[in-house]
Amino acid sequence: MIHLTNISKQYGTRILYSSASFQVRAGDKIGLVGPNGAGKSTIFRIIVGEEGVDSGSVNISERAVIGYFSQDVAEMKGRSALAEVMAGAGKISDLASQLSELEKRLEDSAVNPLDDDAMMKLVEQYGEVQIQFEARGGYDLESRAQAILTGLGIGPDDYNRPVETFSGGWKMRIELAKILALNPDVLLIDEPTNHLDLESIMWLEEWLQNFKGAIVMTSHDREFMNRITRRIVEVANKTITSFTGNYEYYMRERDIRKDQLLAAHQKQQDMLAKEEEFIARFAARASHAAQVQSRVKKLDKIERIEIPAEERVMNFEFATPPRSGNDVVRFTKLGKKWTREDGGERNVFSNLSGFIQRQDKIAIVGVNGAGKSTLLKIMAGHTDATDGNCVIGANVKIGYFSQSSVDVLSPDKTIFQEIYDRIPEATIGMVRNLLGAFLFSGDDAEKKISVLSGGEKTRVVLATLLATPVNFLILDEPTNHLDIKSREVLLEAIRNFDGTVVLVSHDRHFLKAVAKRVFEVDKGEVRAYEGGFDYYVESSPLAKSKSGKLAVAR
């Protein structure tokens, strides 16, 4: 349906692709991967016509309907959430208008009869449009839009709520719902899980698995990518390479190809060295002139094997923490109420009791609104409990990461200033080494916070956690905006951390690798599962409550 053939694209002196090809076939489930800045999002923009190519061709099936979800959400206002989603089904709306017009012409033909040929043509046209309308789900658009909104966490009570009253993250969900309700032939989705909780991710995963059209997606969620994709397309090193299989297969196959390339490169280097040695040795001898010239020509014709530059990744580990007491946190009959905008109160949870001990690594899970993030805030001292008490143990030093942590960074400061101000006793060299570990080396350290991407701000906040030694990490969605490789580095750092960790995350791969215990917050109580995340999924009735699938959300 979509063919990109021998395309080249560059910005200034930076080449994204050179004579690269890539195609999307009907029913393809493609994961688009590659380092930041390699040109993955540019591929999407080329397909939808927002950008052109410098050379090569882009061919798209004339009747293919393409739905594109990006991280840039257009302004929304003047409609309810449900009306906004239905209005986004552009092709269906066009077909509905055509049907209405054709129906009117058929009705008119009863008064002003058409000749046989004209009538036959009108009936055939009506039948063709009706088939397309039905195939696109035009007759059940409203019910489909409602189901999609609910799956993405916007329930019936909010269907008719004005879109302008939703926060940015919830508007992203509405935008995603619009694309899904369109029911296109090809779905282009750029980081769809960024603003979703785990429950919504699970719903979206199942929806995409059942989707009949083609999918091209990027995602930093390794498990999500594995469960959906059947083909991986890597955008890297100025080319586009296809791998048949999911993300795990791609990782194995890529390593095999890299080893083969290194072996071929070494073999070629050995051959070149021998040839160059012969040329240097006999260049001045007339008796070997023909041989020397022959070998010079041979070397000129050889296509040199290039080894791609290694992609830079974060490289850090948490400092050895000071030892805390064995009892890190103990909370008893804990309750929390928030004041609503109308002055009333919303009960988040009540009567929660539990304890955390030194070197525990605990995942906190629960359904929407259970209060996981609120519980973390109380532990971190960022809000007070309404009832009960939360006691922090002896010598506990807390490092707290939350999604609002990026908001407390000073937008007018540079990255270097932000970190240096937190550890003024450190030398400039120490600060620069720390920033280098988080990929802020050289001039990058002088970037202002205000111009950073979400992933860069997340890395800055993580760097601040290393600025002072802590022994209790409280992490609320620490992987948001981090790419897969950065998530892996963070994962290993947390696994090797010689302190206590409590975290909320929607990344299942991350939870499986890190958590040794699981706290499930549900209906005013905390249930502790003395095992990892897989054990929790097998054991918890709540985890099985969605058709045998995990029902965990923020």
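Tabulated data
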quantity: Residue in segment 214-223 that is at pLDDT 95 or above, out of contact with any His (no Cβ under 6 Å at 6 or more places or on another chain), among the small types (Gly, Ala, Ser) and under 22 Å from Gln23 (Cβ atoms) present; calculated: yes
quantity: From the options Ile474, Ile449, residue that is hydrophobic (A, V, I, L, M, F, W, C) and not assigned by TED's automatic domain parsing to the domain that holds Phe497; calculated: Ile449
quantity: Single residue of Gly155, Gly138, Gly151 found to be crowded, with 17+ Cβ neighbours inside 10 Å, within 28 Å of the chain's Cα centre (by Cα) and free of Cβ contacts under 8 Å to residues at least 60 places away in the same chain; calculated: Gly151
quantity: Scan of segment 461-474 for residues that are at pLDDT below 90 and assigned to a loop (DSSP other than H, G, I, E, B), ordered by number; calculated: Thr468, Pro469
quantity: Residue under evaluation Gly78, criteria (1) more than 30 Å from Val24 (Cβ to Cβ); (2) in a helix (DSSP H, G or I); (3) modelled with pLDDT of 85 or more; (4) not hydrophobic (A, V, I, L, M, F, W, C), criterion not met; calculated: (2)
quantity: Near pairs, Cβ below 8 angstrom, 6+ apart or cross-chain, from segment 189-211 (free of Cβ contacts under 8 Å to residues at least 60 places away in the same chain and part of a helix (DSSP H, G or I)) to any residue that is crowded, with 22+ Cβ neighbours inside 10 Å and of a type in the set (Phe, Trp, Tyr); calculated: Glu205/Phe224
quantity: Test: residue in segment 83-95 that is over 25 Å from Pro156 (Cβ atoms), among the charged types (D, E, K, R) and either in contact with a Lys or Arg (Cβ under 8 Å, 6 or more places away or on another chain) or in the same structural domain as Leu180 (by TED's automatic domain parsing) (or both); calculated: yes
quantity: First in segment 310-338 and more than 30 Å from Leu261 (Cα to Cα), second anywhere and of a type in the set (Asp, Glu) and at pLDDT below 90, Cβ under 6 Å, 6 or more apart; calculated: Lys337/Glu345
quantity: Condition check for Glu128: in a helix (DSSP H, G or I), surrounded by fewer than 18 Cβ atoms within 10 Å (Cβ to Cβ) and either over 23 Å from the mean Cα position of the chain (by Cα) or of a type outside the set (Phe, Trp, Tyr) (or both); calculated: yes
quantity: Segment 297-344, subset acidic (Asp, Glu) and farther than 28 Å from Ser486 by Cα, residue surrounded by the most Cβ atoms within 10 Å (Cβ to Cβ); calculated: Asp327
quantity: Residue, farthest from Gly325 (Cα to Cα), within segment 434-455, restricted to residues that are without any contact (Cβ under 8 Å) to a residue 12 or more places away in the chain and surrounded by 13 or more Cβ atoms within 10 Å (Cβ to Cβ); calculated: Ser441
quantity: Some residue of segment 236-244 being within 19 Å of the chain's Cα centre (by Cα) and either under 30 Å from Lys301 (Cα atoms) or modelled with pLDDT of 95 or more (or both); calculated: yes
quantity: Any hit, segment 481-489, residues being small (Gly, Ala, Ser) and either under 23 Å from Thr414 (Cβ atoms) or more than 22 Å from the chain's Cα centre (by Cα) (or both); calculated: yes
quantity: Residue among Ala74, Ala83 that is closer than 25 Å to Glu51 by Cβ and of a type outside the set (S, T, N, Q); calculated: Ala74
quantity: Selection from segment 36-45 of residues that are crowded, with 19+ Cβ neighbours inside 10 Å and either under 13 Å from the mean Cα position of the chain (by Cα) or part of a strand (DSSP E or B) (or both); calculated: Lys40, Ser41
quantity: Qualifying positions in segment 497-539 - among the charged types (D, E, K, R), in a loop (DSSP other than H, G, I, E, B) and touching a strand residue (DSSP E or B) at 6+ places or on another chain (Cβ under 9 Å); calculated: Lys516, Lys523, Glu530
quantity: Segment 475-494: number of residues that are of a type outside the set (D, E, K, R) and not in a helix (DSSP H, G or I); calculated: 6
quantity: Test: residue in segment 10-25 that is in contact (Cβ under 8 Å) with a residue 12 or more places away in the chain, in a loop (DSSP other than H, G, I, E, B) and farther than 30 Å from Tyr159 by Cα; calculated: yes
quantity: Inter-residue pairs, beta-carbon under 6 Å, first more than 15 Å from Phe133 (Cα to Cα) and in segment 72-93, second exposed (fewer than 14 other Cβ atoms within 10 Å of the Cβ) and of a type in the set (S, T, N, Q), 6+ apart; calculated: Ser80/Asn160
quantity: Scope segment 158-188; condition within 16 Å of the chain's Cα centre (by Cα) and either part of a loop (DSSP other than H, G, I, E, B) or small (Gly, Ala, Ser) (or both); matching residues; calculated: Gly169
quantity: Qualifying residue in segment 449-460 (condition: among the charged types (D, E, K, R), within 19 Å of Asn315 (Cβ to Cβ), at pLDDT 85 or above and over 22 Å from the mean Cα position of the chain (by Cα)); calculated: no
quantity: Any hit, segment 110-119, residues being surrounded by 12 or more Cβ atoms within 10 Å (Cβ to Cβ), in a helix (DSSP H, G or I) and of a type outside the set (A, V, I, L, M, F, W, C); calculated: no
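The values are calculated or read from the model by the stated rules, or taken from the named source; none is laboratory data. This one's a predicted model, so the numbers in the text were calculated from it and none came from an experiment. So basically every Cβ, Gly included, is an ideal-geometry build from the backbone, and we count neighbours across all protein chains shown.
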